[in-house]
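Everything below concerns the one structure shown next.
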Amino acid sequence: MGIGTLLLFTFMGLVVGAGAVWLITRTLLKQRTDGILAEAEREAEVIKQKKLLEVKEKFLQLKGDLEKQVAQRNSKLQSVESKLKSREQSLNQRQEDMTKKGQEMDLMRENLTAQLNVIEKKKSELDEIKAREQAHLESLSGLSAAEAKDRLVESLKDEAKGQASAYVNEIIEEAKMTANKEAKRIVIQTIQRVATETAIENSVTVFHIESDEIKGRIIGREGRNIRALEAATGIEIIVDDTPEAIVLSGFDPVRREIARLALHQLVQDGRIHPARIEEVVAKVKKQVEEEVIETGKRTVIDLGIHGLHPELIRMIGKMKYRSSYGQNLLQHSRETANLCAVMASELGLNPKKAKRAGLLHDIGKVPDDEPELPHALLGMKLCEKFKEKPDICNAVGAHHDEVEMMSLIAPIVQVCDAISGARPGARREIVEAYIKRLNDLEQLAMSYPGVVKTYAIQAGRELRVIVGADKTDDASVETLSNEIAKKIQDEMTYPGQVKITVIRESRSVSYAK
């Protein structure tokens, strides 16, 4: 055989082998594919069964929940239905009861009507019998029924008057004996338990300085500093030969205190000139106002009084700088409040209310407006304005008998006010009259148009009137001073003579920035 034949047989053998391998491989692949498909079908069937079971379980769960909800709703509906049935039964029962009661009322009404008819018949018969008897008695006595009644009433009235007057006199005498004794005991005990010092206020304040060299600085060049200080404070500043002292003279204690504090700050600071004086006086006024409020707060806290309006507290603090016949008004009001509390406790009344009324009884002396109204009525109006209770307002207004006393606290306040004012040395009539005269002098000048401020100085011998430069001119200043002088001559009583000084000044203020 040649090489070609060998090669041919070899190639054909390879081809036959390759075909056999391919057939075997194909058979194996087909078997494996059929196995995988069969396994996939089984797994799919298992998954399908699981999903069907899950769906069935979910369906059964939802069904159970719905059945529960339906059962709950059914139970609620049954309970509501049972309630409605019970209500219907009760309503039916009530209706039956009302029907029975209506029938019973009809029967009672018929019985009452019959009884009233019988009573009317009896009454008419009795009226006839009474008329016959009255006519018979009138014929026997010779008097008519009205005359006999009048005589009987008069005799009984006279007898009752005699017995009543004797009884009343006896009661009055007994009451006088016990009441006088008890009242004296209560008043004496009250005075003994509350003892405070009395203070007489003067119209001057002495300002002490370290050396007389400061006097010249206070006076200033040609007196400009002292004039500026007097104009700003309304206080007369007396710089005399008294060593290391300057006298501040003025009837208003608030102004004197402002002047004293302003002088103190100016002397300490060392810068004394008109612009600085006005700045310091303005600051001191604010300080005094804050001190007034603080004094009012301390007073009500010390006395244990709560719930006062802030404006009333401010007025109480302002009492520190007011006087009543020379007696310090705040001290007098505190003393009256304590006396009222003690006396109310002795009489079995409310001591807190009495103390409150005692503290507020002279509050009408603090405001500067409405001077023509008595201070008791003004105080009552202020208490009503700031929502105090009616019995407190009445006690304030009635402590000088301007209004009728409507509560038991009112006479207690009146008595305690008299006790506080009657202490030896507590009051001085001259100071009160002097202050009133100076106040009236200032108010008279303030009544003119264009007047901005008025200050009565030198114990009322000089009245300084400051007018606005934009409201008046130089020509009207002299006319204004003459008119004020004539009105003072016609309407006021005063010793000596009063000098009226009208001041008109223009100011121009600019700021360098």
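Every read-out reported here was derived from the displayed coordinates using simple, explicitly stated rules and does not represent laboratory data. Source: prediction; values computed, not measured. In this analysis, Cβ positions are derived from the backbone assuming ideal geometry, glycine residues included, and neighbour counts consider all displayed protein chains.
So how strong a dipole does the chain carry about its Cα centre when Lys and Arg Cβ are +1 and Asp and Glu Cβ are -1, to the nearest 20 debye?
Dipole of the chain, to the nearest 20 debye: 3020 debye.
Over segment 436-506, what number does the Rg to Rh ratio reach, with both radii from the alpha-carbon atoms and Rh per Kirkwood?
0.95
Please give the helix 329-346 orientation as an angle from the longest Cα principal axis of the chain, in degrees from 0 to 90, rounded to the nearest 10.
80
Quick check on packing: order 249-262, 227-240, 467-480, 39-52 by the mean number of other C-beta atoms within 10 Å, highest mean leading.
249-262, 227-240, 467-480, 39-52
Would you mind calculating the gained length between His273 and Lys30 on full extension (0.36 nm times residue separation, minus the Cα-Cα distance), in nm to one decimal?
Value of the extension gain: 75.0 nm.
Under 5 Å between amide hydrogens, which residues at least 5 positions from Arg322 or on another chain qualify, with H placed 1.01 Å from N in the peptide plane?
Leu329, Leu330
Could you work out [θ]222 nm for the chain from helices alone, using -39500 (n - 2.57) per DSSP H run of at least four and dividing by all its residues? Round to the nearest 500 deg cm²/dmol.
-24500 deg cm²/dmol
When only Cα pairs under 8 Å and 6 or more residues apart are kept, what is the percent relative contact order across the chain?
The normalised contact order for the chain reaches 9 percent.
How would you classify segment 204-303 from its alpha-carbon gyration tensor, with a ≥ b ≥ c the square roots of the eigenvalues: rounded for a/c under 1.5, else prolate if a/b is greater than b/c, otherwise oblate?
Prolate.
For segment 249-257, in order, what is each residue's ³J(HN,Hα) by Karplus, 6.51 cos²θ - 1.76 cosθ + 1.60 with θ = phi - 60°, in whole Hz (x at glycine and Pro)?
Coupling constants for segment 249-257: 10, x, 7, 9, x, 5, 5, 5, 5 Hz.
Amide H of Glu462 versus every other amide H placed in the peptide plane: which residues, excluding those fewer than 5 positions away on the same chain, fall under 5 Å?
When sequence neighbours closer than 5 places are left aside, the close amide H contacts are Ile457, Lys499.
Starting at the first residue of segment 381-390, write each ³J(HN,Hα) from the Karplus equation 6.51 cos²θ - 1.76 cosθ + 1.60 with θ = phi - 60°, in whole Hz, x for Gly and Pro.
3J(HN,Hα) across segment 381-390, in whole Hz: 4, 5, 5, 5, 5, 9, 6, 7, 5, x.
Consider just the alpha-carbon atoms of the chain and return their Rg together with their Dmax, both in angstrom.
That works out to 54.2, 200 Å for Rg and Dmax.
What list of ³J(HN,Hα) values in whole Hz, one per residue of segment 72-82 in order, does the Karplus curve 6.51 cos²θ - 1.76 cosθ + 1.60 (θ = phi - 60°) give from phi, with Gly and Pro shown as x?
Ordered by residue, 3J(HN,Hα) equals 4, 4, 4, 5, 4, 4, 5, 5, 4, 5, 5 Hz.
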